[in-house]
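> Here it is, the structure in full.
The values are calculated or read from the model by the stated rules, or taken from the named source; none is laboratory data. Nothing here was measured: the structure is a model prediction, and the numbers come from that model. Note that we place each Cβ from the backbone using ideal geometry, even for glycine, and neighbour counts take in every protein chain shown.
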Amino acid sequence: MESLSTVACPKCHRDFPDESLQDQQGLSACPSCKSLVELRVYPRLRKSLNSSLKVDDLLSGEGDALCRFYPELKADTVCEECGCLLSKKAAVNWAKVDYCLPCLHLLRESKGRDEFLARRVIYDNTALGLILYLFPLSLFTAPLALYYLIRFRKASRGMVPRGVFRWWLAMILSVVFSLGWLTLIILWIAAIVESMT
């Protein structure tokens, strides 16, 4: 069986035996050249050393299906998007479904499917922020908020299901502020015209 050790002596470049990695922490003598080496074994390495999975079980043999990305490994699953064969090392499990990395990238970046997006802009929150937080500048921000609400009305409202209350509140406030500023501007122009005549 092939060694699972990934720790090599910096002087002689020989791998430490798995037993020494499991038992020792701190300063340890290299079994080959006897030079002192400080070992820090992290839990993930201990887990892989203690697991019953052998390297021989992962490697492909005669007649085995091969992984598309690691041809030396057996294929264990299939990408749900493109159908290519994948090993456990190459598969990405997203919401209990296996994908290859190129397909996952396409689904997130190019196709922009909602369930694969890492972050989303919630336009009703943006519109409320423009109106309420930038209240002194609402002459400019209220029409901008109105534009956001109309332009992105069918955009996703986030990963967590949400009602339409915020959208309607932002819409009403942006319309009221826009009409209020429009009324003030018309009254101001009427006052200037009246004072000139």
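> Test residue 174 against the criterion of being at pLDDT below 90 and of a type in the set (Ser, Thr, Tyr), and give yes or no.
Numbers: at pLDDT below 90: no; of a type in the set (Ser, Thr, Tyr): yes.
Answer is no for this residue.
> For the list (1) among the small types (Gly, Ala, Ser); (2) surrounded by 12 or more Cβ atoms within 10 Å (Cβ to Cβ); (3) at pLDDT 85 or above, I need the number of the one condition that residue 155 fails.
Exception for residue 155: condition (3).
Residue-wise test of (1) closer than 30 Å to residue 10 by Cβ; (2) at pLDDT below 85.
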site	(1), (2)
48	yes, yes
52	no, yes
84	no, no
102	no, no
